[in-house]
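Notes to accompany the following structure.
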Amino acid sequence: IMNDTSIQDFISWSDNGQAICVPNAATFAKSVLPRYFKHSNWPSFVRQLNLYGFRKVYHVGISPEVTQHAVWQFKHEYFQQNASELLQNIRRR
């Protein structure tokens with residue numbers, strides 16, 4: 001997904017290249033998920049990320065009310081921009 005330049009408005013790398021950012025989960029689910037998965041269900045996508053060890057990035061000092069409408073970010077120690085050699089270390093739990 002991350003190499004598909006046609007969806008950069010829906011999902012992108014964080015500035016440091018160590019997290020993926022989804023600015024609008026509803027639009028991402030409707031426009032992107034069906035292209036790559038058999039569903040368009042955002043919670044199912046998040047559950048799959050969690051199964052593979054990805055964790056949501058929380059921003060310290062920002063209230064939960066604000067983060068509900070903020071950019072979703074997920075990171076995994078072996079999923080980094082320009083480090084495809086690390087991908088082999090990502091395993092389903």
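The values are calculated or read from the model by the stated rules, or taken from the named source; none is laboratory data. Everything quoted here is computed from the prediction, not taken from an experiment. All Cβ positions, even for glycine, are placed from backbone atoms using ideal geometry, and neighbour counts span all protein chains on display. Only protein heavy atoms, including side chains, enter the accessible area calculation; ligands, DNA and RNA are left aside. Shrake-Rupley method; radii C 1.70, N 1.55, O 1.52, S 1.80 Å.
Keeping every protein chain present and rolling a 1.4 Å probe, give me the accessible area per residue for the chain in Å². It would help to have the intermediate numbers written out before the result.
Details: 6470 Å² over 93 residues.
Per-residue value: 70 Å².
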query: Per the 1.4 Å probe, what fraction of the accessible area of segment 12-89, in percent, lies on carbon and sulfur atoms?
result: 52
Inter-label distance, nm, simple model (7 Å from Cα along the C-beta direction), Val57/Asp4: 2.1
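Tell me the mean residue ellipticity at 222 nm calculated for the chain from its helices only (DSSP H runs of n ≥ 4, each -39500 (n - 2.57), averaged over every residue, nearest 500). Please report the intermediate quantities before stating the final value.
Values: 4 runs with 25 residues, N = 93.
Result for the chain, helices only: -6500 deg cm²/dmol.
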query: Just the projected area, averaged over all directions, of the convex hull on the alpha carbon atoms of the chain: how many nm²?
result: 6.4
Net +/- balance of residues flanking Gln81 in space, Cβ distance below 15 Å, scoring K and R +1, D and E -1: -3
- prompt: Karplus couplings for segment 85-93 from phi (6.51 cos²θ - 1.76 cosθ + 1.60, θ = phi - 60°), rounded to Hz, Gly and Pro as x?
  reply: 5, 7, 4, 4, 8, 7, 10, 6, 6
- request: List, in order, the whole-Hz ³J(HN,Hα) value for each residue of segment 16-33 obtained from phi through the Karplus relation with A = 6.51, B = -1.76, C = 1.60 and θ = phi - 60°; use x for Gly and Pro.
  value: 8, x, 10, 8, 9, 10, 10, x, 9, 4, 5, 5, 4, 4, 6, 9, 10, 3
³J(HN,Hα), Karplus 6.51/-1.76/1.60, whole Hz, each residue of segment 43-50, x for Gly, Pro: x, 5, 4, 4, 4, 5, 4, 4
